[in-house]
Amino acid sequence: MQQNYEHYISRNIKSLYRRRLIAPILYLLFAGILWAFLPIQPIIAPVLLDSVYNMKDFHEHNEEYVSTTLTDLKFTGYTKTRFGRTIGYFYYVNDANQNTSCLVLLSPTTCEQGLPEISEITIRGKILPSDIHYEALLNNLSTDLSWTASGIQSKVSSYYLSEPDFRYVSGYILFFALTGSSIFCIISIFLCILFILRPDFAPPCQMLRAFGNPKELLETAEEELATLPQLATEDMFITEHFFIETSKYGIAIVPIQEIIWIYKHSTLHKLFWYHFSISYTLSITANNRVYIHCPKNIKSDIDGIIDYLAEANHDILVGFSEANRQKINAIQGDPFHFEKLVSFLKKRI
């Protein structure tokens, strides 16, 4: 049964970008889950804590990351260490009206390694509930003040504000990483939809701009392919004027008369020490520095393509060699001027 090649290139372009839609959509769903479950937004824009004595209410409403201004802080004489390093200094704040106190853990840089008193300071911190370490601290304070454990617990809040636990650096890193990657995915989705609706805007067709009008050349290539390809493999075709590739790795269209160099190279596929297959890649160089690579083909298909292209255009250089590479550089020029740079360095040395 004869293959239907009507609009075959456009259909493959649409299929390619439909497949490429899946990854950015899945990533956006994954990013949405991270936005929902990671405390990124609260770290970037913490809520304002009007009074440090309202920490319990804020914590119960899942508003743990806050910004607040504290006055008349006094050093308790106790610090908090983590992995043998001092990460914070405990200060207490008194409320004369309510006859209660709250503890605040300040970063070493904020309190200048434990100033005895701080008149006023604005910090960002995380509200933390009492744990065994906090209870041990209260017990030590009760001993220092000659109070009972129950007495100090009735006067000191069971929640404390920790500046070192407000990890704004990681929050900003996550924010910019997720924002940047999400924007990239949205742009990718937009472009994929555009290429599905207008295949002539897709990169494989826009590459034809080096040889003429992309839309007209695409229409000509599709018309020739629909009529009858002169040579066809599983995913490579030759028509009267074009070489066409439509594989899952990509799509390429190039006029045969613009091809100046073709060669193949092999790739050995192995798993640990076991060699299980060899595939071949067809490499095509065309005018205006257009490069096409057709990977994972069988040798007989590539040999047939190379023989046909060499017969159709006798100016094509066949096979990889240093002589052919230098001829191509002479035709197109070296865009990075590597050889001139090497020659210059040799002279300088």
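The values are calculated or read from the model by the stated rules, or taken from the named source; none is laboratory data. Just so you know, these numbers come straight off a predicted model, no measurement behind them. Heads up, the Cβs are rebuilt from the backbone with ideal geometry, glycines too, and the neighbour counts pull from every protein chain shown. Note: accessible area is taken over every heavy atom of the protein model, side chains too, but ligands, DNA and RNA are not part of it. Shrake-Rupley method; radii C 1.70, N 1.55, O 1.52, S 1.80 Å.
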Collect the residues in segment 205-222 that are surrounded by 14 or more Cβ atoms within 10 Å (Cβ to Cβ), over 19 Å from Tyr308 (Cα atoms) and of a type outside the set (S, T, N, Q), keeping them in residue-number order. Cys205, Met207, Leu208, Ala210, Phe211, Pro214, Lys215, Leu217, Leu218, Glu219, Glu222
Quickly run through segment 133-173 and pick out the residues that are of a type in the set (A, V, I, L, M) and assigned to a loop (DSSP other than H, G, I, E, B). Leu145
Given Asp72, Asp50, Asp57, which one is assigned to a helix (DSSP H, G or I), over 31 Å from the mean Cα position of the chain (by Cα) and either farther than 25 Å from Phe175 by Cβ or of a type in the set (S, T, N, Q) (or both)? Asp57
Are any residues in segment 73-102 open to solvent by 20 Å² or more (accessible area, probe 1.4 Å) and touching a helix residue (DSSP H, G or I) at 6+ places or on another chain (Cβ under 9 Å), and if so, which ones? Thr76, Gly77, Tyr78, Lys80, Tyr92, Asp95, Gln98, Asn99, Thr100, Ser101
I'm checking my understanding of the structure. Among residues of segment 223-246 that are β-branched (Val, Ile, Thr) and not in a strand (DSSP E or B), which one is most open to solvent (accessible area, probe 1.4 Å)? Thr227
Pick out the one residue from Leu16, Leu105, Leu28 that is in contact (Cβ under 8 Å) with a residue 40 or more places away in the chain, assigned to a strand (DSSP E or B) and surrounded by 15 or more Cβ atoms within 10 Å (Cβ to Cβ). Leu105
Flag for Ala202 being closer than 23 Å to Asn4 by Cα, aliphatic (A, V, I, L, M) and buried (at least 19 other Cβ atoms within 10 Å of the Cβ): yes
Could you please tell me which pairs satisfy a Cβ distance under 7 Å, a separation of 6+ or placement on different chains, a first residue in segment 299-318 that is farther than 15 Å from Ile331 by Cβ and open to solvent by less than 40 Å² (accessible area, probe 1.4 Å), and a second residue that is assigned to a loop (DSSP other than H, G, I, E, B) and of a type in the set (A, V, I, L, M, F, W, C)? Leu309/Ile316; Ala310/Ile316
Within segment 114-123, identify whether any single residue is at negative phi, open to solvent by less than 80 Å² (accessible area, probe 1.4 Å) and assigned to a helix (DSSP H, G or I), and answer yes or no. no
Matching residues, segment 247-262, being open to solvent by less than 40 Å² (accessible area, probe 1.4 Å) and either out of contact with any Leu (no Cβ under 6 Å at 6 or more places or on another chain) or β-branched (Val, Ile, Thr) (or both): Ser247, Gly250, Ile251, Ala252, Ile253, Val254, Pro255, Ile256, Ile259, Ile260, Ile262
Exactly one of Val47, Val66 is open to solvent by 30 Å² or more (accessible area, probe 1.4 Å), more than 24 Å from Cys192 (Cα to Cα) and among the aliphatic types (A, V, I, L, M), and that one is Val47
Restricting to segment 167-197, count the residues that are open to solvent by less than 80 Å² (accessible area, probe 1.4 Å) and either of a type in the set (Asp, Glu) or at pLDDT 90 or above (or both). 15
Six or more apart or on different chains, Cβ under 9 Å: which pairs go from a residue in segment 228-248 that's farther than 16 Å from Ser15 by Cβ to one that's assigned to a loop (DSSP other than H, G, I, E, B) and open to solvent by less than 10 Å² (accessible area, probe 1.4 Å)? Could you list them? Leu228/Thr239; Pro229/Thr239; Gln230/Thr239; Leu231/Thr239
Could you say whether any residue in segment 32-40 is at pLDDT 90 or above and either open to solvent by less than 100 Å² (accessible area, probe 1.4 Å) or at negative phi (or both)? yes
Filter segment 58-90 for residues that are out of contact with any Asp or Glu (no Cβ under 8 Å at 6 or more places or on another chain), among the aromatic types (Phe, Trp, Tyr), at pLDDT 90 or above and over 20 Å from Ile152 (Cβ atoms) and give the result. Tyr65
Give the residue, chosen from Gly180, Gly171, that is within 30 Å of Pro46 (Cβ to Cβ), of a type outside the set (Asp, Glu) and in contact (Cβ under 8 Å) with a residue 60 or more places away in the chain. Gly171
Confirm whether Lys56 is touching a residue at least 40 places away in the same chain (Cβ under 8 Å) and crowded, with 16+ Cβ neighbours inside 10 Å. no
